[in-house]
Structures are given as structure tokens and as C-alpha cells.
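Comments concern the structure below.
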Amino acid sequence: MKGRFMKETLASEFEKLFGEPAQIFAQAPGRIEFIGNHTDYNGGYVMGVAIDKTIMCALSRRDDRKLCFGSIKKGEKVFVDLDRIVHQPRSHNWVNYPLGVVKFLTEAGMKPDCGFNMLDISSLPAGAGLSSSAAIELCTAMGVSKLYNFDTDLKTLIRVSRRSENEFLGMPSGILDQGTSGFGKANSIVFIDCLTEEFSTLPLPDKCRFWIFNSTKKHALVDGLYAERHNECAEAARILSEDGEPRLLRAFSMTDLEAAKMKMSDVVYRRAKHVICENDRVLKTKELLEKGDIKGVGDMLYASHESSRTLFENSAEELDFLVAESKNYPSIYGARLSGGGFGGAVMALTDETFDKRQAEQIARAYENRFGKAPTMFSCAAGDGAKLA
Ligand code: ADP
Ligand code: MG
């Protein structure tokens, strides 16, 4: 669904549900993790791309102190008391994504002076590794801060959204998702130094396209496995820091890791090796992009996937199959799992000649192997969060 049509539909659904027009509209995009797998929470480097698929929310002020969250899909309204923001039960888990943002805006000194009505609409598949969670959080942060005229900036809204994902949703993810959704720019890649939280953009070569192949497989334990990887990286950093200040994995080289290899388990060593080499790959990718060596960039994407598959062990058979198939197409520069892993989507960077017919061939091969076709679509690099 395209921007204008999305806003018109949302405006009319909002009026139908709440009996009054919305006052504010805000939108935030999903993101592709371009390269930099599990590097963000290790204080490393990562590149993301905001895509042209977004979540848009509409808001209006209420006369009372209730927060009313509506859902078009579920056809329901959920009320929460502004003065008693508590985690909602599983059946209403979708409410926790915008609700946590309000809680942490409040904690950052941005307290709404009355309740609100909120409704959203999305062109972004949820649970596909494209970070619909960050998109709903960031469009909430942006819309709510405008509704109450909070004096704030984008970085603060990104931090508040991430804090909600970490502490309200219990997902210990880094700054990539909210940062890319915030700082994305059309036809650009976002480069993030996650230690200093500095964001910059690089132009994406004109002839590049993205294709997403969503395996639609989501590992039932995905959140637990993400946290497990997070802990393994923290353990490696703790061992490597033993003789000095506690530092994140970003601070260490392969020489440091090899020297400490005997002090850690093989699993912890391999997780650290993935992160340390992945940081190098991100920096190398930046250089290659600046030189316009897109084939070299593609090789980095394949190398990143291989490291996820063998060292970090956050891939899945389905994702490995899609990446292996990609290698048969000269018009695909590179492909890799995008996001946390353990299922979700594969991203392919292609030239402009790669088309739907070829994508369908990959989908058919996948279906022959796994009995179910992946969902797939192409997308472009779009703008970051903004008022709509
Ligand atoms: P991803 O971020 O990769 O899409 P997650 O599991 O982190 O996957 O987040 C998906 C969850 O985000 C959904 O199950 C839903 O609870 C929440 N979510 C996604 N889109 C919306 C939305 N438009 N409104 C409310 N919650 C949403
Ligand atoms: Mg998410």
C-alpha cells in the first residue's frame, strides 16, 4: 500500500472507530540489516537500509486519562490507564509495543497531559526480520511526541524506542533497528557506529535492488536464542576484558581473541570470532561501497552469511537454501540472512535485471524442497521516520 492511500485508509478507519478525526499521523519504515550481524549490541559497526514499507499511526487527544489502542486487523480496542502503565497480557501483546514507548517517554520527562486514541496501518510484514517492532515503536514515539508538542529530537526518540524493546518487550536488541528506521534515507544505506551512536548515510549504487525472501519460518525459541547469543557475546567480552576495564567485543581483534582462546569454551570463542570478523566485514563493505565495487560488496554479504551459518549458528536450513540458490544467479551480487536469524528472511542485493520471473524460480526451488513457498517482494531504500 502506497503512502497517500495508506493515510486515507487510516484516516477513514480512525474516524469509524473513534467517531472523530485523527489529529496527528506519523510513519516509520521497516529495515533490512544490510551487513553487521549481531554486531550492534556488541558496540560494533552495522549497516542498515530503511525500506519503502512502513507502519503509519494516527492519534488524537482524549478528554480523559485513558490510552485507547485500536487494531484494524483484530477489530478491537484496548484501554490502558495513563497513570498505571503495566505490561499487557499475552492476548494483547501487540499493545505492548506502542505502550512501552509511552512508558519510557514518560520516564524521559515527556509525560502526556491527557490520554489518546491510536490506530495504525502497516505495509510491513510482521515477524519477518524486517523489524516491524522497531517501526511501530518509532512511529509511536514520533506521533506521541508531536501530539503533545514535546521538545525532543530523533536520537532521543530512537533511544526511547530501543529501551522499550529491551526493557518492556524483553528483547535485548541493539540500536540497528530503531536507528535505521529513524535515520534511513531514500536510495541510501545507513552506517552506524554503535559505540558512539553516530549515524551516517552512504549512497546506494543506482543499479542496485533488494529482494526479500521470507522463509515464513519463525523458530519458536527465537527470542530465547537471541538472548542466549547476547549472553555468549557478553561472556566472551568479560573474559577478554579480564586484565583491564570491562569493554564490549568491539574493542578486540582476532589477535586478542586467539590469545585468550584457551580461557573460553569453543562455543563462546566461535560467537566472538563471528562478531569480531563481522565488524571487519562492515568496515570493508563501507570501503567497497565508496569505491563502487559492488561485486566485492556482494562477496562480503555471502561471507557474512557463511559466518552466521557456521560460527554464530543463527541461520536455518531454509535460509541456507535461499542463499545457496542465489549463487546460481549472476544478477544477484550477494545474499544473506537479515536480522536476528533462526528463521525470518533472506535479503538479496541484485542488479536491475533481476526480475520477478527469476525470483519465482527461486521460490519454486524452495517450495520443491520445503513444501511451502516463501513470500517474496522487492523493495527500495526509503526515507526514515517522519510525520505523515
Ligand atoms: P519483527 O520486528 O522482525 O517484525 P518481532 O517479533 O520483533 O519481529 O516483532 C513482531 C511483533 O511486533 C508482532 O508480533 C506484533 O506484536 C508487533 N507489531 C508489529 N506490527 C505492529 C503493529 N502495526 N501494531 C502493533 N504491534 C505490532
Ligand atoms: Mg523486532
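The values are calculated or read from the model by the stated rules, or taken from the named source; none is laboratory data. Given the structure is predicted, the values throughout are model-derived calculations rather than measurements. When we count neighbours, we look across all protein chains shown, and the Cβ atoms used for this are built from the backbone with ideal geometry, even at glycine. Please note that ligands, DNA and RNA were not included when accessible areas were found on the heavy atoms of the full protein model with its side chains. Shrake-Rupley method; radii C 1.70, N 1.55, O 1.52, S 1.80 Å.
Numerical summary
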{"read-out": "In the stretch 60-87, residue nearest to ligand 2 (Cβ to nearest atom) [restricted to those that are buried (at least 18 other Cβ atoms within 10 Å of the Cβ) and within 24 Å of the chain's Cα centre (by Cα)]", "value": "69"}
{"read-out": "Test: residue in the stretch 344-362 that is in contact with a His (Cβ under 7 Å, 6 or more places away or on another chain) and within 16 Å of ligand 2 (Cβ to nearest atom)", "value": "no"}
{"read-out": "Single unsatisfied condition, residue 237 versus (1) away from ligand 1 (no atom under 16 Å from the Cβ); (2) aliphatic (A, V, I, L, M); (3) open to solvent by 20 Å² or more (accessible area, probe 1.4 Å)", "value": "(3)"}
{"read-out": "Selected residue [free of Cβ contacts under 8 Å to residues at least 60 places away in the same chain and within 14 Å of ligand 1 (Cβ to nearest atom)] from 101, 78, 86", "value": "78"}
{"read-out": "Within the stretch 34-48, considering residues that are open to solvent by 10 Å² or more (accessible area, probe 1.4 Å) and within 15 Å of ligand 1 (Cβ to nearest atom), the one nearest to residue 4 (Cα to Cα)", "value": "40"}
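Conditions (1) out of contact with any Phe, Trp or Tyr (no Cβ under 6 Å at 6 or more places or on another chain); (2) closer than 22 Å to residue 15 by Cα, marked per residue:
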position	(1), (2)
68	no, yes
72	yes, yes
91	yes, no
109	yes, no
132	yes, no
138	yes, no
